[in-house]
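Colleague: Below is the structure I would like to discuss, written out as structure tokens.
The values are calculated or read from the model by the stated rules, or taken from the named source; none is laboratory data. Note that the coordinates shown come from a computational prediction; the quantities given were computed from them, not determined experimentally. Cβ placement follows ideal geometry from the backbone for every residue including glycine, while neighbour counts extend to all protein chains displayed.
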Amino acid sequence: MKIHINGRFLTQQVSGVQRYARELLSALDRCLDADAELASRFGPIPVWYPEGAELVDPPAWKHLRPSPLPGRKGHAWEQLTLGSKARDGFLLSLCGAGPLQCRHQLLVIHDANIWAFPEAFPKSYRVFHKLMRPLLARRVTHLATVSRFSAGELGRCLRVPAERFTVIYNSAEHMIGAKADPSALEKFGLEQGKYFFAAGNQSPNKNIGRLIEALERASGTDMPLAVAGGYAPGVSQARIAGTDRIRLLGRVSDEELNALYSGAAAFLWPSLYEGFGIPPLEAMILGTPVLSSNSTAMPEVLGDAVPYFDPTDVDDIAKALSSFAALGSEERAEMAERGRIRARSFSWESSAETVLDILRGLG
């Protein structure tokens, strides 16, 4: 059966699901390169994207071929143009959407956020995906997601058995050897090992407001909190302006992000809801201790490598910060090493092998 890949993500800015697709396909390409028989059976595999769209950071693959496909734009391109092209083969759609025409399809839906936190998404996005995902889930032959937690959530929301979802995990291996901006800490007025770091955005599930409140209550530390992404829902600008301990950094480059992870005393993850939660894993693989929310997928992903807190309880978050501040350097180093070992247990190659197992079973 001819294999096709939905490559619409190649024309989009790289965020969570786009990073997942790129890294998973890069690992798949390496697996094919290491096995001539598999490469001959499946490759070269076209990765279709809309003709005329500009590729963002074009990948250098050997057995996967980014290929322009003329036709419509946006969702219409995916549903009609791509659907017509790939319907007689098997399609990999790794970013939560795919054409209804293609029954023989592996569709990866990353989480149930549009049901758990609908206010975090534009109405048009919410309406489209709440309509399409149940239809796709009932039609496609193969469903996947990124954690057992998400499998349960999506099964409930989409009204399909959770057992239908294959779990194909994320990884943070892409951070190993990644470039870091040596001037980032100076740029943001931070000192190596003397600040807490968090990653937030406008979504209320990131819970940055409670984290800032907890920092104000924590004892035994006067370290500032740097937040990449900037906007903190529920936190007044007056509160931020009234202290120099809160640094809202806005959007940062990948190189700055790597430096901020590596330079922090600890990475803080107060999220209320995650299908996987890759930022704490990225921090851990770089050797930075992590303090995490105990909600949703986080215990499954982070295991016993981190201390947890209740993200709905400001006092419990503050207690976790105070407890970390009281640790000595050896205890922090042990915590960092446990995190690094845990993070390395998730690999893109292992996830790519799961995809290959599905392809091998197609006959």
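Colleague: Which residues, counting only those in the range 112-138, are over 19 Å from ARG8 (Cα atoms) and in contact with a strand residue (DSSP E or B) (Cβ under 8 Å, 6 or more places away or on another chain)?
Modeller: ALA137 - this is the single residue of the range 112-138 that is over 19 Å from ARG8 (Cα atoms) and in contact with a strand residue (DSSP E or B) (Cβ under 8 Å, 6 or more places away or on another chain).
Colleague: I've got another one for you. Look at LEU356 and say whether it is assigned by TED's automatic domain parsing to the domain that holds GLY152 and either touching a residue at least 40 places away in the same chain (Cβ under 8 Å) or farther than 30 Å from LEU38 by Cα (or both).
Modeller: Numbers: assigned by TED's automatic domain parsing to the domain that holds GLY152: yes; either touching a residue at least 40 places away in the same chain (Cβ under 8 Å) or farther than 30 Å from LEU38 by Cα (or both): yes.
The answer is yes for LEU356.
Colleague: In a strand (DSSP E or B), in contact (Cβ under 8 Å) with a residue 24 or more places away in the chain and farther than 18 Å from GLU255 by Cβ, is that true of ALA226?
Modeller: Taking the combined requirement at face value, the residue does not satisfy it.
Colleague: While we're here: Being within 22 Å of the chain's Cα centre (by Cα) and basic (Lys, Arg) is the filter here, so list the residues in the range 24-64 that pass it.
Modeller: Of everything in the range 24-64, just one residue is within 22 Å of the chain's Cα centre (by Cα) and basic (Lys, Arg), namely ARG30.
Colleague: What's the total number of residues in the range 145-163 that are touching a residue at least 60 places away in the same chain (Cβ under 8 Å) and not polar (S, T, N, Q)?
Modeller: Here is the first cut: in the range 145-163, the residues touching a residue at least 60 places away in the same chain (Cβ under 8 Å) are 145-150, 153.
Now narrow it down to the ones that are not polar (S, T, N, Q): 146, 148-149, 153.
Summing the residues that are touching a residue at least 60 places away in the same chain (Cβ under 8 Å) and not polar (S, T, N, Q) in the range 145-163 gives 4.
Colleague: Of these, ALA184, ALA172, which one is surrounded by 15 or more Cβ atoms within 10 Å (Cβ to Cβ) and closer than 20 Å to GLU274 by Cα?
Modeller: Just one listed residue meets the conditions, ALA172.
Colleague: While we're on this one: Restricting to the range 289-338, what's the tally of residues that are hydroxyl-bearing (Ser, Thr, Tyr) and under 29 Å from ASN113 (Cβ atoms)?
Modeller: Total meeting the criteria: 6.
Colleague: Only one of these conditions is not met by PRO118: (1) free of Cβ contacts under 8 Å to residues at least 12 places away in the same chain; (2) touching a helix residue (DSSP H, G or I) at 6+ places or on another chain (Cβ under 9 Å); (3) over 23 Å from VAL160 (Cβ atoms). Which number is it?
Modeller: Only one criterion is unmet by PRO118, namely (3).
Colleague: Moving to a separate point now. Quick check on my filter: what residues within the range 97-144 are surrounded by fewer than 18 Cβ atoms within 10 Å (Cβ to Cβ), over 30 Å from LEU64 (Cα atoms) and either outside the structural domain of ARG164 (by TED's automatic domain parsing) or not acidic (Asp, Glu) (or both)?
Modeller: Residues satisfying the conditions are TRP115, ALA116, PHE117, PRO118, PHE121, PRO122, LYS123, SER124, ARG126, VAL127, LYS130, LEU131.
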